[in-house]
Amino acid sequence: MVDGEGALRVRNAPVYEPLLKPARYKGAYGGRGSGKSHFFATQVVVSHARKAGELTLCVREIQKSLKESAKRTIEQKINQFGFTEADGFRSYTDRIVTPGDGLIIFLGMQAHTAESLKSLEGYNRAWCEQAETLSERSLTILRPTIRARGSELWFSWNPRRKADPIDAFFRSNPAPRDSICVRSCWRDNIWWNKTMEAERLQCLDTQPEQYDNIYEGEYEKITAGAYYAAGLTAARASGRLTRCYADPHISLKAFWDIGGTGRLADHTVIWIAQFVGREIRWLDYYEAQSQPLATHINWLRKGGYEDAEMVLPHDGAAHDKVYAVSYQTALEAAGFTTRVIPNQGRGAAQGRIEAARRLFNRMWFHMPTCEAGVDALGAYHEKRDEERLIGLGPDHDWSSHAADAFGLACVVYEEPRVVERKRRDATERTWLSM
């Protein structure tokens, strides 16, 4: 805060001290109550107070209104320091003006392109809050946009899954050059209080499956209210999230959910599965965004899945408006056997969910290759209208593509026929997989 002599005094939690050093990339990840957002908001205000004319960009992947931005947190820090309009701080509807014609603005990355962000190249820093939702495209655009001499990019996030671009960027080996990244949790918050502790303990009691992600900053295993929460919990407890292998005498199947190649295209997902008797073995998982069909085919061939049957959703037979070719015809031209499942009409999504729930107790997952897919299943949940307290069906987010391909497999699955052979002393039963 500002002391009697006008000096700016700032108290930071020790865990964030490394981030006070200059670096091109700064990251802080962890659970709820760790103070990540408060630390970066404080540093934004301090930077603008100490140097006139600073320019800061605050971003999120999607920002429908400023209520979803970091603006309120920054305004709270300005008030806590006691800064007023006389000090050069003035808050407007869409921006905050700071001393010496400085400026803090707020944007949603998904609404912008590299061209529309060109004017921001002179900014001193960008802070991306909730960076776990940042897309690869947005990260690729943001990094060269903020390029003034000595400029920095800050990221704060609650880990969601290893495959998220921000986790892959900061937590890869080796880490990016000129970067500092710290992990924090509620234990590192020097302002932790009894109210916050009561909330934490309540979460531990009522949401044990989500607790590690919410408060400890671990990767998300199961989202609250996820459709497959019970199935995944039982599978983990019974040791079916492990390693499993293909039976060489039974054919493989590749179940698809088709995305596209546009800038905001959905993910394309492929699950490799095998029906072995009454078991369903999930052997491999693939997802990619905005990639051509050739990329998906290369993955299939590299994995040795040329002989697998390609099982496509109904849009697999739809022809591309430009090239007049469907996924089905393109895959067949590449030598793959294909099958398209007809549109199941209204209630198809719920039908896939119910089929999967019914079959979950006979599923095995090869986790070395299916972990990302299992993470998506654990996050697949219903979209809620909190004002009317009603469900709106499955939420179409990053997890829904994996869940749709997974559900397609469960709808296609047929109970194996039982063939009985009479013997003198017993009846021999053999399961014939379809």
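The values are calculated or read from the model by the stated rules, or taken from the named source; none is laboratory data. Please read these numbers as outputs of a predicted model, since none were measured by experiment. Glycine gets a Cβ as well: all are built from the backbone with ideal geometry, and neighbour counts include every protein chain shown.
Pairs linking a residue in the range 117-142 that is assigned by TED's automatic domain parsing to the domain that holds Ile104 to a residue that is crowded, with 19+ Cβ neighbours inside 10 Å and aromatic (Phe, Trp, Tyr), with Cβ atoms under 6 Å and 6 or more positions apart or on different chains, are Trp127/Phe40; Trp127/Trp154; Cys128/Phe155; Ala131/Phe155; Ala131/Trp157; Glu132/Trp157. Just to verify a result, which residue in the range 234-253, among those that are surrounded by 13 or more Cβ atoms within 10 Å (Cβ to Cβ) and within 16 Å of Glu371 (Cβ to Cβ), is modelled with the lowest pLDDT? So, considering only residues that are surrounded by 13 or more Cβ atoms within 10 Å (Cβ to Cβ) and within 16 Å of Glu371 (Cβ to Cβ), the one modelled with the lowest pLDDT is Arg236. Within the range 217-233, residues that are surrounded by fewer than 20 Cβ atoms within 10 Å (Cβ to Cβ) sit with their Cβ atoms under 6 Å from residues that are in a helix (DSSP H, G or I) and among the acidic types (Asp, Glu), at 6+ positions apart or across chains, in these pairs: Glu218/Asp212. Counted as qualifying within the range 114-185 are the strands (runs of 3 or more DSSP E) with 1 or more residues that are touching a Gly at 6+ places or on another chain (Cβ under 9 Å) and buried (at least 21 other Cβ atoms within 10 Å of the Cβ), namely 152-157, 179-184. For Ala198, are the conditions met, namely being over 17 Å from the mean Cα position of the chain (by Cα), buried (at least 20 other Cβ atoms within 10 Å of the Cβ) and not in a loop (DSSP other than H, G, I, E, B)? In short, no.
Results for (1) at pLDDT 95 or above; (2) over 15 Å from Gly33 (Cα atoms); (3) of a type outside the set (A, V, I, L, M, F, W, C), shown as yes or no for each residue.
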position	(1), (2), (3)
Pro159	no, no, yes
Ile166	yes, yes, no
Ser172	no, yes, yes
Ala175	no, yes, no
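Return the residue satisfying two criteria in turn: it lies in the range 395-434 and is at pLDDT 90 or above and of a type outside the set (A, V, I, L, M), and of such residues it is farthest from the chain's Cα centre (by Cα). Among those that are at pLDDT 90 or above and of a type outside the set (A, V, I, L, M), it is Tyr413. Total residues in the range 264-288 satisfying the condition of being closer than 21 Å to Ala330 by Cβ and surrounded by fewer than 20 Cβ atoms within 10 Å (Cβ to Cβ): the figure is 3. Every listed requirement among (1) in contact with a strand residue (DSSP E or B) (Cβ under 7 Å, 6 or more places away or on another chain); (2) of a type in the set (A, V, I, L, M); (3) closer than 26 Å to Pro342 by Cβ is met by Leu293 save one, (1).
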